[in-house]
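**Student:** Just passing along the structure, written as structure tokens.
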Amino acid sequence: HSMEANYAVQTQTISVGEDAYLEFLPEPMIPHRRARFVSETRITVAPTATVLYGEIVQSGRKHHHPDESF
């Protein structure tokens with residue numbers, strides 16, 4: 001979505017317990033032109049747990065505006 005003022009915030013807190021397995025691979029985030037986004041992720045993992053975490057931020061939206069090309 002477009003953003004005329006202010007900014008968007010995402011805060012995630014993830015805790016993975018003993019012998020647990022977590023795969024967290026969200027969809028890519030594609031910011032709108034002039035958008036402002038702040039993200040904070042905190043992950044706590046037990047010594048016997050496994051976490052696969054990925055994050056994708058795509059810069060530019062090829063087919064929308066000349067200032068947004070990658």
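**Student:** Where residues in the range 6-26 are closer than 22 Å to Thr50 by Cβ and within 10 Å of the chain's Cα centre (by Cα), which of them is modelled with the lowest pLDDT?
**Tutor:** Pro26
**Student:** Another question, if that's okay. Being open to solvent by less than 70 Å² (accessible area, probe 1.4 Å) and assigned to a strand (DSSP E or B) is the filter here, so list the residues in the range 11-30 that pass it.
**Tutor:** Passing the criteria: Gln12, Ile14, Val16, Leu22, Phe24, Met29.
**Student:** Only residues in the range 32-58 that are closer than 19 Å to Tyr21 by Cβ and without any contact (Cβ under 8 Å) to a residue 40 or more places away in the chain count as the first member; pair them with residues that are hydrophobic (A, V, I, L, M, F, W, C) and open to solvent by 80 Å² or more (accessible area, probe 1.4 Å), Cβ under 6 angstrom, at least 6 apart or cross-chain, and list the lot.
**Tutor:** Pairs found: Gly54/Leu25.
**Student:** Residues in the range 31-45 that are open to solvent by 60 Å² or more (accessible area, probe 1.4 Å) and not in a loop (DSSP other than H, G, I, E, B): how many?
**Tutor:** Result for the range 31-45: 7.
The values are calculated or read from the model by the stated rules, or taken from the named source; none is laboratory data. This is a predicted model, so every value here is computed, not measured. For neighbour counting, all protein chains shown are included, and Cβ atoms are generated from backbone atoms with ideal geometry for every residue, glycine included. Just so you know, the surface numbers come from the protein's heavy atoms only, side chains and all, with ligands and any DNA or RNA stripped out. Shrake-Rupley method; radii C 1.70, N 1.55, O 1.52, S 1.80 Å.
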